[in-house]
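*Asks:* The structure's right below; bear with me while I get my questions together.
The values are calculated or read from the model by the stated rules, or taken from the named source; none is laboratory data. Since we're looking at a predicted model, the values are computed, not measured. No Cβ is skipped: glycine too gets one built from the backbone with ideal geometry, and neighbour counts run over all protein chains shown. With ligands, DNA and RNA removed, areas are computed over all heavy atoms of the protein, side chains included. Shrake-Rupley method; radii C 1.70, N 1.55, O 1.52, S 1.80 Å.
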Amino acid sequence: GLRYEYTRVAYNSKEVLYNANDELDAINPVSGSSDYGYLLPQLNLRYALSDKTILRGAATYSYARPNFEDIIPAQEANIRDRSATIGNPDLQPVSAINLDLFAEHYMENLGLLSGGVYFKQLDNFIYARRFLGVYPLNSPQPIATDLLYTRSENGDRANLLGLEVGVQKQLDFLPGHFKKLAVYLNYTLTSSEASFQRTDNGPLETVRLPGQAAHVGNLSLGYNGDRFTMRVAANLNGSYLTEIGQDAANDIYVNRRIQLDVTAGYRLNDKLRLFTEFINLTNQPFELYSGTADQLIQREFYLWWTRAGVKFNLN
């Protein structure tokens, strides 16, 4: 296949400026636009080794647009907290070359075994950069210094190599009601390497791709009865780099977490069904660390939450 996409973005925004007393000083209009076009080829192959085993391969070229709020060139600062955010109108889309090879084997009673490898090469990947600057930024007469700015920027190039496996199996070999149990498992292992400039004129450095965890997985045990269904699921999200600082010791990471969730439902009849969910039963915190995992800088607890309701089928 072959596809062409053209994008034009125009914006009208406001730049909010404060004085040295952290009082509103001025609101200045800001406007601008950008445009880009991409020719996107793709090749997809499917080969059946047997009635139950299929190989799939793909080679594609794709891109991802920046978030709109990241390209608006406005500054907003909290002078008392010495922090600020700024847009980046020069932010470019991320382009990617993608190679995928996967296999699927269908087992009896809705069982599925799948696995594969993938490779991605990203150009102009986007990351959040933290740096010190004056306020307003680049002003000849700043009213504050040493504010910690956060701005989205383009990196140079990133490579990802990954392995993905998945299993879905009804445990129909068990006796009695246990044969209605089913196991679901998927796991992704990704190795990534991204090069970027930590400062405007600095040398290229290499880190893990921001936002990409090395380990991601889900394991769940489900019960699929005639009326009652239930699933207990454990979700693993590995640690990942979220913001790049002025040096490696100030890089910000989201810590690894494992979350346990439970969902259940009961069918009263063909029209009505009761359901409930219990999320984060293990009360896993959201943690950030700086540089190394023993340097925690933020920990947030959200406890567990639940919801219940009734679903009505109109058909």
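*Asks:* Does A234 satisfy being modelled with pLDDT of 95 or more and either out of contact with any Asp or Glu (no Cβ under 7 Å at 6 or more places or on another chain) or among the hydrophobic types (A, V, I, L, M, F, W, C) (or both)?
*Replies:* yes
*Asks:* Out of segment 256-278, which residues are within 26 Å of the chain's Cα centre (by Cα), open to solvent by 30 Å² or more (accessible area, probe 1.4 Å) and within 19 Å of G222 (Cβ to Cβ)?
*Replies:* I258, Q259, L260, T263, E277, F278
*Asks:* For segment 293-315, which residues satisfy the criterion of being within 30 Å of N255 (Cα to Cα) and part of a loop (DSSP other than H, G, I, E, B)?
*Replies:* A293, D294, Q295, F301, Y302, L303, W304
*Asks:* Exactly one condition in (1) open to solvent by less than 30 Å² (accessible area, probe 1.4 Å); (2) of a type outside the set (A, V, I, L, M); (3) more than 28 Å from the chain's Cα centre (by Cα) is not met by N19; state its number.
*Replies:* (1)
*Asks:* How do the strands (runs of 3 or more DSSP E) wholly within segment 211-292 filter down when requiring 3 or more residues that are within 30 Å of A194 (Cβ to Cβ): which remain?
*Replies:* Where strands (runs of 3 or more DSSP E) fall fully within segment 211-292 and carry at least 3 residues being within 30 Å of A194 (Cβ to Cβ), they are 215-224, 228-237, 240-244, 252-254, 257-267, 286-290.
*Asks:* On to the next question. Where in segment 1-67 are there strands (runs of 3 or more DSSP E), lying wholly inside it, with at least 3 residues that are under 19 Å from L122 (Cα atoms) and in contact with a Ser or Thr (Cβ under 9 Å, 6 or more places away or on another chain)?
*Replies:* 24-48, 53-64
*Asks:* Can you find a residue that is open to solvent by 40 Å² or more (accessible area, probe 1.4 Å) and within 22 Å of S152 (Cα to Cα) anywhere in segment 106-113?
*Replies:* no
*Asks:* Can you tell me which of Y149, Y223 is aromatic (F, W, Y), in contact (Cβ under 8 Å) with a residue 24 or more places away in the chain and open to solvent by less than 40 Å² (accessible area, probe 1.4 Å)?
*Replies:* From the options Y149, Y223, the qualifying one is Y149.
Residues checked against (1) modelled with pLDDT of 90 or more; (2) open to solvent by 50 Å² or more (accessible area, probe 1.4 Å); (3) of a type in the set (D, E):
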{"position": "A74", "(1), (2), (3)": "no, no, no"}
{"position": "I79", "(1), (2), (3)": "no, no, no"}
{"position": "I86", "(1), (2), (3)": "no, no, no"}
{"position": "L99", "(1), (2), (3)": "yes, yes, no"}
{"position": "E104", "(1), (2), (3)": "yes, no, yes"}
{"position": "V117", "(1), (2), (3)": "yes, yes, no"}
{"position": "V134", "(1), (2), (3)": "no, no, no"}
